[in-house]
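Nothing in this text is a laboratory measurement; each read-out follows from the coordinates by a stated rule. The structure displayed is predicted, hence computed values, not measured ones. Neighbour counts are summed over all protein chains in view; Cβ atoms, including those assigned to glycine, are modelled from backbone coordinates with ideal geometry.
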Amino acid sequence: MPDVGVVIPAAGRGRRMGGRIPKQFLMLDGVPILLRSVDVFARRRDIRQVVLVVPGAHRRRVERMLRGYRHRSKVSIVTGARVRQESVRAGIEALEAPVAIVLVHDAVRPLVRPEVVAEVIRCARRYGASLAGSPVRDTIKKEGRREFATETVPRERLWAVQTPQGFRRELLERAHRRARRDGFVGTDEASLVERLHIPVRIVRSGPENVKITVPGDLRMAVFLLKSRKR
């Protein structure tokens, strides 16, 4: 029986994209970005449930978007909070009881490879926590005062963190409870788990798992998608 659930926080407003429509609802080669992200997971046989955490003002838009979608029976919709961490928590609470492994994935990373998803799931089962990431290729500088670089940071063990991030459900729930108790807000779920002194296994992904944040990212995603088709 499939025991993997996916939470896709999509309650952000996407101001950096510059438009009136939140970026997750923009079209990528004729299909909404959010629906492309959903389809990466909903089509998999080992995925039991996909929970979309969406803005209350756009809930009907999402319901219309999913109308006629072939895997609609796997998808649940809940209303998100203003803080991403609380939106993810609401998504976890909406997962069914048989779900033992939870993936959290950015709504605006529609091009993640299936083999990366599979490896994140495998590592979450084995190690308890895992995430997709890409080795840092740029030289990293540490800023001192007034935007002057004062130090070069060794990049050999630095990774740019992506999603999906996968966890055993009980571990992720415990990490969220601890963060809420302590008033801690992390930038991702892995940062919550790290506070429990549990290491997170890194799964090598790549720059094509782009997060669509600014207009240039959308143009890059279009190029990558067309390259795949060719």
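Observations on the model:
- Within straight-line cross-link reach of Lys211, aspartates and glutamates at Cα separation under 17 Å, skipping those fewer than 8 residues along the same chain: Asp29, Asp39, Asp106, Asp188, Glu189
- The distance linking segment 166-230 with segment 36-86 is 17 Å (Cα centroid to Cα centroid, whole angstrom).
- Between Ser134 and Val214, the distance separating the two model label sites (each 7 Å from Cα on the Cα→Cβ line) works out to 1.5 nm.
- In the chain, the calculated helix contribution to ellipticity at 222 nm averages -10000 deg cm²/dmol per residue, counting -39,500 (n - 2.57) for every DSSP H run with n ≥ 4.
- When the Gaussian network model of the chain links Cα atoms closer than 10 Å, the mean-square fluctuations of Arg204, Arg64, Arg43 top out at Arg64.
- A straight chain from Thr187 to Arg145 at 0.36 nm per residue would run longer than the Cα-Cα distance by 12.7 nm.
- Exposure proxy order (Cβ contacts within 10 Å, fewest to most) of Glu147, Glu194, Glu115: Glu147, Glu115, Glu194
- DSSP finds beta bridges in the chain, and of those with both partners inside it, around 45 percent are antiparallel.
- Antiparallel bridges, percent of DSSP beta bridges restricted to segment 127-230 (to nearest 5): 70 percent
- Exposure proxy order (Cβ contacts within 10 Å, fewest to most) of Met65, Met27, Met1: Met1, Met27, Met65
- Sequence-distant residues sharing a close amide H with Leu28 (under 5 Å, placed H): Ile33
- Proximity of backbone amide H atoms, modeled 1.01 Å from N, is registered between Leu111 and Val210 at under 5 Å, excluding neighbours fewer than 5 places apart on the same chain.
- Our coupling estimate for segment 73-78, obtained by passing each phi through the Karplus curve with A = 6.51, B = -1.76, C = 1.60 and θ = phi - 60°, is 5, 7, 9, 10, 10, 10 Hz, Gly and Pro reported as x.
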